[in-house]
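Data first, discussion second: the structure below is written as structure tokens.
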Amino acid sequence: LYNDVASARENLAIINRSLNEKLAQMRMIIELSDTLQVTSDLDEILHIILTAVTARQGLGFNRAFLVLHNLETGRLEGRFAIGPSDPEEAGRIWHQLEDEGVSLKEIFDLYKYEEEKHRLGISNTAKKINYPLSQDDNVLVRAFKTRTPYLVTDAVNDPLVPKEMYELLGADSFVVVPLGSKDTTYGVLLADNMITKAPIEQKQLDFLKVAANHASLAIERYYLGEKLAEKIKELKKATRALMENQEKLINAERLSTIGQMAAQIAHELRHPLSTIGGMAHTFLNRFEPSDPLYERRKIIVDEVKLLENIVNNILNFSRTRQPNIEKTDINEVLRSIIGAISMEAIDANIILKENLDEALPLIEADKDQLFQVFLNLVKNSISAMPNGGKLEITTRKDISNVWVEVSDTGTGIASENVDKIFKPFFTTRSTGIGLGLPITYEIISTHHGSIWFTTQEGKKTTFYVKLPIKQPKGGDDGEVTSGGG
């Protein structure tokens, strides 16, 4: 009777230990599932999976390797590994994990700390795992392709374990389980007991399959999230483009109406203005500059000139003229402008500096239109420096373009105006009607070029113009961009 009682107690203890092990494993699986639900970083997801596989409170493997399919190379490549690479590391790490109440997150943090502090050798081992999917006599490839778990019990003599794999892992037995969803296989999970040499039991393999399923769901959720985020990004981009195009269409229709009206008015004003201007000049010439009435008469002439410029700008903007393409020397155009405004710059206490690349090639462009472009930019720079400053004009080239930079140390462009300066009829000046930069914009566009700017309010502004050396044959207009920095 005594022996029967002792035997019953022993069996009960065995059953109790088995139940406790299964309970611990179930708790670990539940914690793994909960942790993966709230983790969105792929690297952390993969590390947590390996942590659960090696936790003593969970599946209890000594080491775990994650091998993923690289879509670009078509190979299985070691991504991460967790566990000690030798008995010394095992003693140090496992000593810190003796507390049975330690959580999965705490184990993960410990391995992360150990990796950062001691550079665990297992990380280097993982990175050396690299096999092509064409190697069908490889247990990793076989598990990946067939989506079937493999338990290797004698690695030395197993035909699916290449010699270099055995020498790399140093384990006589290990288990490989696939990671994948219904339609996609992501890689394989490899686990072993290289340190303790403990045999891999069927119950460990069963729980490893369960853990692999949870891991696969987490990986699939991550990739689906990435695809969804990309689709949302594309949708937002398309929505922005649609809204911008709608706004452009509305503005184009509005400007077309305004432009037609303005052009008609400008056309009607042009002749009488010319008559008034001619008579004002004739009248002014009757007075000597020393005459007290000379300056008053000159105001009439100057104001008529201003009105004529406004009328000409309106007419130029309303008439879309294709460029008259010819071989053009950008430096020559800029030197003409510099010569024309040099006295104005001196009077405004502005230092002119030119950095013109003498090796600049001739480009295919309309010389007169480019003169108008750069004259607009230079005059804007002068206007932005009411107290004097520095105006710098630079040219350079690349393989297929020439670049022009017009930089000033003026007042800069206010942040609220950065997106408006290329819009017709927008101006911050008391004179003019805001058509200089829109005309510049249009000319650069018809030359298949680009224009943009950087600015620091109260300090400086630089306009950048990029023009192709050769005009495309029958291509669309180039993109003209603007922006402040």
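The HN-Hα couplings worked out from phi for the range 346-355 by the Karplus form 6.51 cos²θ - 1.76 cosθ + 1.60 (θ = phi - 60°) are 4, 4, 8, 6, 10, 8, 9, 10, 10, 10 Hz, whole numbers, x standing for Gly and Pro. In this label model, ASP137 and ALA348 are separated by 8.2 nm, measuring between points 7 Å along each Cα→Cβ vector. Under 5 Å between amide hydrogens, built in the peptide plane, is the criterion, and for MET194 it picks out ASN62, ARG63 among residues at least 5 positions away or on other chains.
Put simply, when 444-451, 191-198 are sorted by average Cβ atoms within 10 angstrom per residue, most first, you get 444-451, 191-198. A simple rule links phi to the HN-Hα coupling: the Karplus curve 6.51 cos²θ - 1.76 cosθ + 1.60 with θ = phi - 60°, which for the range 184-196 gives 9, 9, 8, x, 9, 10, 10, 9, 8, 10, 4, 7, 7 Hz, with x for Gly and Pro. For GLY410, the residues whose modelled amide H falls within less than 5 Å of its own, excluding neighbours fewer than 5 places apart on the same chain, are THR461.
Remark: the ARG335-ASN130 segment gains 67.5 nm on full extension, using 0.36 nm per residue and subtracting the alpha carbon distance. Projecting label points 7 angstrom from Cα along Cα→Cβ for ARG286 and GLU416 puts them 4.9 nm apart. What residues have an amide H closer than 5 Å to that of ILE351, excluding those fewer than 5 places away on the same chain, when H is modeled at 1.01 Å from N in the peptide plane? Residues meeting the amide H criterion: GLY389, LYS390, LEU391. For the range 321-485, pairs of C-alpha atoms spaced more than 28 angstrom apart make up 17 percent of the total. In the range 321-485, taking the dipole from charged Cβ atoms about the Cα centre, the farthest positive-side position among SER342, LEU370, MET385 is held by MET385.
Averaging the Cα positions of each part gives two centres, and for the range 210-249 and the range 120-141 these lie 32 Å apart.
Of the peptides 400-413, 458-471, 159-172, the ranking by mean beta-carbon count within 10 Å, highest at the top, reads 400-413, 458-471, 159-172.
Here, each number is a calculation from the coordinates, and none is a lab measurement. What you are looking at is a predicted structure, and each value in this text was computed from that prediction instead of being measured. Note that each Cβ is placed from the backbone with ideal geometry, even for glycine, and that neighbours are counted across all protein chains shown.
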